[in-house]
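Please read the structure below before turning to the comments.
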Amino acid sequence: MAQETSFHVLDPTASQSIATDGMADRPDSLAGMRIGLLTNDKMNAANLLDAIYDVLAERFEVSSAFRVNKGDASRPAEPEFLTDFSNEVDVALLANGD
């Protein structure tokens, strides 16, 4: 008599969940906004942000770009650095490169 084998199949998918606690509200428009571009010394991060900024500037009447490099990619930015940065911009874009 053949032995019966059973399998328990697991579904590796899950419903998508986006955490929004602590996130800033999104503006209705970027018109007139000062766009902050924060890079981290990785190759191509600044190029990526510049390309994104160019698209945003084409589509919206943004006020200006404020470009900052926080330096060392392996360490978080200092709180004072982030405070100073956030005081200069209305919206921030961050990128890693390579």
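The values are calculated or read from the model by the stated rules, or taken from the named source; none is laboratory data. If you're wondering where the values come from, they're calculated on a predicted model, not measured in any experiment. FYI the Cβ positions are ideal-geometry reconstructions off the backbone, even for glycines, and counts take in every protein chain you see.
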task: State whether one or more residues within region 83-93 are outside any loop (DSSP other than H, G, I, E, B), modelled with pLDDT of 95 or more and surrounded by fewer than 10 Cβ atoms within 10 Å (Cβ to Cβ).
output: yes
message: I'm checking my understanding of the structure. Among residues of region 48-79 that are polar (S, T, N, Q) and not in a loop (DSSP other than H, G, I, E, B), which one is farthest from P27 (Cα to Cα)?
response: N69
- prompt: How many residues are free of Cβ contacts under 8 Å to residues at least 60 places away in the same chain and under 20 Å from N47 (Cα atoms) when one looks only at region 78-98?
  reply: 9
query: Taking N40, is it touching a residue at least 24 places away in the same chain (Cβ under 8 Å), surrounded by 13 or more Cβ atoms within 10 Å (Cβ to Cβ) and on the phi > 0 side of the Ramachandran plot?
result: no
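Please tell me if R75 is touching a strand residue (DSSP E or B) at 6+ places or on another chain (Cβ under 9 Å) and surrounded by fewer than 16 Cβ atoms within 10 Å (Cβ to Cβ).
no
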- request: Looking for whichever is at pLDDT below 85 and either of a type outside the set (A, V, I, L, M, F, W, C) or in a loop (DSSP other than H, G, I, E, B) (or both) here; the options are M23, M43. Which one fits?
  value: M23
query: Before we move on, is G32 among the small types (G, A, S), in a loop (DSSP other than H, G, I, E, B), free of Cβ contacts under 8 Å to residues at least 60 places away in the same chain and surrounded by 10 or more Cβ atoms within 10 Å (Cβ to Cβ)?
result: yes
query: Got at least one residue in region 54-69 being surrounded by 10 or more Cβ atoms within 10 Å (Cβ to Cβ) and under 14 Å from the mean Cα position of the chain (by Cα)?
result: no
